[in-house]
Amino acid sequence: MNLPFYIAKRYLVSKKKQNIINIISGISMAGIIVGTMAIIIIVSVMNGFTQLIGVFYSDFDPDLKITPVEGKMFDPSTINTNAIRDLTEVVQYAEVIEEVAMLKYGKQQYPATVKGVPPNYPEYTNINKLLIEGSYYLEKDGIDYAVVGRGVANYLGVGVSFLEPINVYVPKKGRQLSLNPSRSINYDYLYPSAVFAVLEDIDAKFILVSDAFASELFESGNNISAIELDIQNNADIDDVQNKIQSIVGEKFHVKNKEQQHDLIFRTMKSEKWAVYFILVFILLLASGNMIGNLTMLYIDKKKDVSILLSMGMAKDKINRIFLYEGWLISFIGGLIGTVLGVLICWLQIRFALMKLPGANDSFVISAYPVQILLPDIFLAFVAVLSVGFLASWYPVKFMSPKHLNPSDIN
């Protein structure tokens, strides 16, 4: 039998001489429970928002995107596109053109990215699901149309039922500015067929046009901006990404959905870890109750310590009694806090108990999104045990039996 651990368990549940020690013990455990719950719940909510944003981007972006390391455009004949098409995991292959242009609608002007997409674009994205007005088509009866992001449409005042076209202006390639601006600018027009909504940074940036319209407007010839690929649902994206990277070589990037918006996802992960460490620091401050609790328990059990010393128990084992006491408080508090935190997250996922402030029917979600990840739960529990160890070690070190000799006890 581990005698110090056995005595520590008895001390944990037994009634102390001073009732205030029981109260402080309860406060210590309650602080650990609440701190553990806070870490799990808040980090899980941040995971939920990250997952939600990823879903939004997934509806608009391809599974994999090939872009040049240098420059904006490249000739697809410089890489083995047939080898990419022949991969069994590749379901859809699309060559797109992206360039910035100046849009003019009535008296309003706005710079936006014009994205020329092939006819199979709706087949590897969920663009039809994203439409909030109109229908998706980019050419009809010989007339060019555009699917406009909501932010662009709001700024220009565009509506799909309006008869006025959107004018598009871009500089001609290789032309210097002259006294006659028309000689150095390409101009065309098209009509809005639909408005889509994803996230603000996309809605306020893109309009979708046919690849033929974009190629003529930007004078791209055979050059394209990117190759977009749709991958089988059951395929290993990382494995396919490595295969395609070996085909295209070091002069091209092959990015998955998350890497296509690397800055946003890295920022959200950084925020998540910043919040995690702030909460751990708050938990460390709250552990001051445990330091006071163990110190007072040490004083309360002076006579017990004297008897154990007289019976020949080593001082390090007596130290372990109070160290185990602190660990038990941390472990039990962390375990209860973990269970309650996971339970609250599950209830939020299942019943959407906490609503988003100001949410209405036009919102995509009405309640806080939550995603529970096992590594986060494990790290939260490890953090609680680590804090508990530090909070237990400090009073044990400075209230050791060498300061409580039998001669000091009446």
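Restricting to segment 56-81, give me the number of residues that are among the acidic types (D, E), within 33 Å of the chain's Cα centre (by Cα), outside any helix (DSSP H, G or I) and surrounded by fewer than 20 Cβ atoms within 10 Å (Cβ to Cβ).
Number satisfying all stated conditions: 1.
This table checks each residue for (1) over 30 Å from C345 (Cβ atoms); (2) charged (D, E, K, R); (3) surrounded by 15 or more Cβ atoms within 10 Å (Cβ to Cβ).
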{"residue": "I33", "(1), (2), (3)": "no, no, yes"}
{"residue": "A83", "(1), (2), (3)": "yes, no, no"}
{"residue": "E89", "(1), (2), (3)": "yes, yes, yes"}
{"residue": "Q92", "(1), (2), (3)": "yes, no, yes"}
{"residue": "A112", "(1), (2), (3)": "yes, no, yes"}
{"residue": "G116", "(1), (2), (3)": "yes, no, yes"}
{"residue": "N120", "(1), (2), (3)": "yes, no, no"}
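Run down V280, V240 and say which single residue is at pLDDT below 95 and over 22 Å from V170 (Cβ atoms).
The conditions single out V280.
Only one of these is in a helix (DSSP H, G or I), at pLDDT below 95, within 43 Å of the chain's Cα centre (by Cα) and closer than 30 Å to Q51 by Cβ: G337, G341, G333, G326. Name it.
One residue alone meets the criteria, G333.
Scan segment 87-128 residue by residue and report those that are of a type outside the set (V, I, T) and under 15 Å from K205 (Cα atoms).
Scanning segment 87-128 gives E98, E99, A101, M102, L103, K104, Q109, Y110, P111, A112, K115, G116.
The values are calculated or read from the model by the stated rules, or taken from the named source; none is laboratory data. Worth saying up front: this structure is predicted, and the values here are computed from it rather than measured. Cβ atoms come from the backbone with ideal geometry, glycine included; neighbour counts cover every protein chain shown.
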